[in-house]
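In what follows, a structure is listed as structure tokens, so that the remarks can point back to it.
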């Protein structure tokens with residue numbers, strides 16, 4: 001696994017964007033903890049993330065490139081609009097999907113999707129990519145989430161091509177907001 005700093009990522013931006021578009025599995029920083037993902041439109045890459053996480057069927061969340069993606073592909077109720085006004089931020093908003101083919105079919109097994117739009121410098125990179133990313137904690141499901149290189153699970157690491165690392169994180173995973181049920185879950 002190749003570890004890149006923010007400066008190295010910027011210097012190699014076009015190369016890394018190309019790798020990501022081709023389905024590379026990578027670890028990246030967020031406003032909360034480290035995530036593992038791939039482009040959410042590549043079914044084979046999504047399957048690899050599921051295999052790494054040992055999470056065969058439960059829905060995954062996505063990091064969207066912009067608010068336009070949300071308004072184009074999700075149902076925006078008045079409650080959803082209120083929550084969208086709090087983005088960017090440390091929330092995963094569960095919204096109904098309105099577009100059938102916006103994501104690989106193995107991202108979600110329901111008619112809704114978890115949406116993230118973190119307040120973090122890496123979002124500029126996701127915007128430039130222009131494709132939603134799978135965003136899930138960089139750990140095997142049920143294990144401790146990754147907050148530094150020291151606690152990256154070796155079983156996860158061996159399946160990842162690259163990592164963007166910015167040092168230890170001290171946050172917790174995002175709050176899950178089931179917009180339709182008006183329910184907020186702490187993790």
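Label 7 Å along Cα→Cβ of residue 86; region 51-70 residues with amide nitrogen under 19 Å?
61-64, 67, 70
Once the piece of chain linking residue 158 and residue 22 is laid out straight, how much longer is it, given 0.36 nm per residue of separation minus the C-alpha distance between them?
47.1 nm
Give me D for the chain in µm² s⁻¹, whole number, from Stokes-Einstein with Rh from the Kirkwood sum over alpha-carbon pairs, 25 °C and 0.890 mPa s.
It diffuses with D of about 149 µm²/s by this estimate.
Over region 3-52, with a single point scatterer placed on each C-alpha, what log10 of the ratio I(q)/I(0) does the Debye formula yield at q = 0.13 1/Å?
So the normalised log intensities are -0.32.
Dividing the convex hull volume of the alpha carbon atoms of region 90-142 by its residue count, what do you get in Å³ per residue?
Convex hull volume per residue, Cα atoms: 114 Å³.
When the chain is fully extended, how far beyond the present Cα-Cα distance does residue 47 get from residue 5, taking 0.36 nm per residue of separation?
So the extension gain works out to 12.4 nm.
Strictly greater than 16 Å: what percent of every Cα pair in region 7-86 meets that?
63 percent
Only the coordinates and a few stated rules stand behind these numbers; no lab work does. Keep in mind it's a predicted model, so treat the numbers as computed, not measured. We place every Cβ from the backbone using ideal geometry, glycine too, and count neighbours over all the protein chains shown.
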